[in-house]
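Novice: First, the structure itself, so that you have it in front of you.
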Amino acid sequence: MTTISGETPAVTAHTGRHGLRQSLRRLGWGVADQGISSLSNFALGLYVAHSYGATNFGAFTLAFVTYTFVINAARGLATDPLLVRYSGDANRRWRRGTSAATGTAIVVGIVAGLICIGAGLLLTDPVGPMFVALGVGLPALTLQDSWRFAFFASGRGLSAFINDFFWTVLLVLALVAWHGRGDGSAARCMLAFGVTAALAALFGAVQARVLPRPDWVLWWLRAHRELSVRYLAENLCISGAYQLRSYVLGAVAGLAAVGYVRAAEILMGPFMVVLMGISQAAVPEASRVFHRNSRHLARFCLILGGSQAAAAVAWGLVLITVFPLGLGPALLEELWMPTAQLIPAVALGIAAASFTTAATAGLRAMGMARRSLRAQLIGSAAYAIGGTIGAIWGGALGASWGVTAALGFAAAVWWHQLRRGLADHHHAAGEAVR
């Protein structure tokens, strides 16, 4: 018996197994790359928390959440459309798209950096110097991040891993040097974050053999405006909600409370390696599943989200049962006790977010930016409301549980949109056949 295409079942099965191995390999590089990237963030955050106390760590956290806000803006305008439209594409077309996308990322970093420097000059210590240091490094930070996604779009996960490994080594060496001299500060740590990213960004251009073209930014935005505008809105919604929660928490409970929440998130770092690593490679993989057989996409996303959620809960249990025996106090010192009570809420919240990232990959693979934007707006509003009310009502603990409830609600909204999108696609396909 033969298949419709004329291939034997054995050949078809072999091809399927080969495709599965290739998908797992690409996802594995996504996890490995995010692992090394998260290691640098993990080391930097722990170093600041351990060396400079809760207040300085709170100021560092406000700058760091601003950094994530800018990174997500750059991704929405630059690399998210690149992933959707250039994944697995011909080399010449990928090179042109990558030049424009990385140039767009630089422009976003320059504009945001100038704003941060201006704000930092107006703010008092310790927040002001932290934002100035962030602003100086933002163009390099957005460019380095864009190389990672460009490499994943072309199936070169190893190149992304090598670049992040290079950056991590440079950052750790810089922190060790400053620690040995004894004249460092939390703001200098943020400056080292940006300077080492600049070196990694230059290395990324050498790896890709592509030059960023900031002068192509208008062409890029016009060519992909139906995706980039919606993805920008999506990314800024959730990042803005996260920023709002942090700023409100700092205003009502102090910078130390912001540091406690961030410390709990840092302790979830080993799991976040899995979540973020898979999510950055998930869109190209979901796109491949969708184009092979769209009816398998929901199952792919469910397995993806469920496995990540299980890992989040498992790591949360390790933090609750093992870390109090000595490792937690050794890592965080004075921050450990107030941070430990936040771990259950943070772990459950990340487990819920795992299902959201899986559904996000599915919707983006289908190119349904309108549905994903709708889900993101609703989820971000819930996050902002839950986190803000929780912060006002119960400080760091209230904010954490408020966000957990919001993330659970958001996951349900995203999956509803994914299933509706698949139903629309199958209905349209049926109409086309008839």
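The values are calculated or read from the model by the stated rules, or taken from the named source; none is laboratory data. The structure presented is a predicted model; accordingly, all values stated were derived computationally and were not measured. Because the Cβ atoms are built from the backbone with ideal geometry, glycine has one as well, and the counts that use them run over all protein chains shown.
Novice: Does the stretch 74-85 contain any residue that is acidic (Asp, Glu) and over 22 Å from THR360 (Cβ atoms)?
Specialist: No.
Novice: If you don't mind, there's one more thing I want to ask. So which residues in the stretch 174-185 are touching a residue at least 24 places away in the same chain (Cβ under 8 Å) and under 27 Å from the mean Cα position of the chain (by Cα), if there are any at all?
Specialist: Of everything in the stretch 174-185, those that are touching a residue at least 24 places away in the same chain (Cβ under 8 Å) and under 27 Å from the mean Cα position of the chain (by Cα) turn out to be LEU175, SER185.
Novice: With respect to ALA177, is the statement that it is surrounded by fewer than 19 Cβ atoms within 10 Å (Cβ to Cβ) and either out of contact with any Phe, Trp or Tyr (no Cβ under 8 Å at 6 or more places or on another chain) or assigned by TED's automatic domain parsing to the domain that holds TYR52 (or both) true?
Specialist: Yes: the conditions hold for ALA177.
Novice: Next up: Just to check your reading of the model, which residue among GLY367, GLY326 is on the phi > 0 side of the Ramachandran plot and in contact (Cβ under 8 Å) with a residue 60 or more places away in the chain?
Specialist: GLY367
Novice: Being within 25 Å of ILE266 (Cβ to Cβ) and of a type in the set (A, V, I, L, M) is the filter here; which residues of the stretch 62-97 pass it?
Specialist: Answer for the stretch 62-97, where residues must be within 25 Å of ILE266 (Cβ to Cβ) and of a type in the set (A, V, I, L, M): LEU62, ALA63, VAL65, VAL70, ILE71, ALA73, ALA74.
Novice: Is it fair to say GLY254 is outside the structural domain of ALA399 (by TED's automatic domain parsing) and either loosely packed, with under 15 Cβ neighbours inside 10 Å or not acidic (Asp, Glu) (or both)?
Specialist: no
Novice: Take the stretch 392-429 and flag every residue that is closer than 16 Å to GLU265 by Cα and hydrophobic (A, V, I, L, M, F, W, C).
Specialist: ALA396, LEU397, ALA399, TRP401, VAL403, LEU407 - these are the residues of the stretch 392-429 that are closer than 16 Å to GLU265 by Cα and hydrophobic (A, V, I, L, M, F, W, C).
Novice: Looking for whichever is surrounded by fewer than 23 Cβ atoms within 10 Å (Cβ to Cβ) and either free of Cβ contacts under 8 Å to residues at least 12 places away in the same chain or not aromatic (Phe, Trp, Tyr) (or both) here; the options are ASP125, ASP145, ASP80. Which one fits?
Specialist: Matching residue, one of ASP125, ASP145, ASP80: ASP125.
Novice: Something else now. From LEU199, LEU158, LEU191, LEU171, which residue is buried (at least 23 other Cβ atoms within 10 Å of the Cβ), more than 19 Å from LEU77 (Cβ to Cβ), in contact (Cβ under 8 Å) with a residue 12 or more places away in the chain and in the same structural domain as TYR52 (by TED's automatic domain parsing)?
Specialist: The unique qualifying residue is LEU171.
Novice: Are any of the residues in the stretch 216-223 closer than 29 Å to VAL172 by Cβ and either at pLDDT below 95 or not in a helix (DSSP H, G or I) (or both)?
Specialist: Among the residues of the stretch 216-223, not one is closer than 29 Å to VAL172 by Cβ and either at pLDDT below 95 or not in a helix (DSSP H, G or I) (or both), which makes the answer no.
Novice: Another question about this same structure. Among the candidates GLY349, GLY386, GLY395, GLY367, single out the residue that is closer than 18 Å to ASN235 by Cβ and either surrounded by fewer than 24 Cβ atoms within 10 Å (Cβ to Cβ) or touching a helix residue (DSSP H, G or I) at 6+ places or on another chain (Cβ under 6 Å) (or both).
Specialist: Just a single option satisfies the conditions, and that option is GLY367.
Novice: Among the numbered criteria (1) within 14 Å of the chain's Cα centre (by Cα); (2) of a type outside the set (Phe, Trp, Tyr); (3) modelled with pLDDT of 80 or more, which single criterion is violated by ILE36?
Specialist: (3)
Novice: Does GLY118 satisfy the condition of being in the same structural domain as PHE165 (by TED's automatic domain parsing) and touching a Lys or Arg at 6+ places or on another chain (Cβ under 6 Å)?
Specialist: The answer is no for GLY118.
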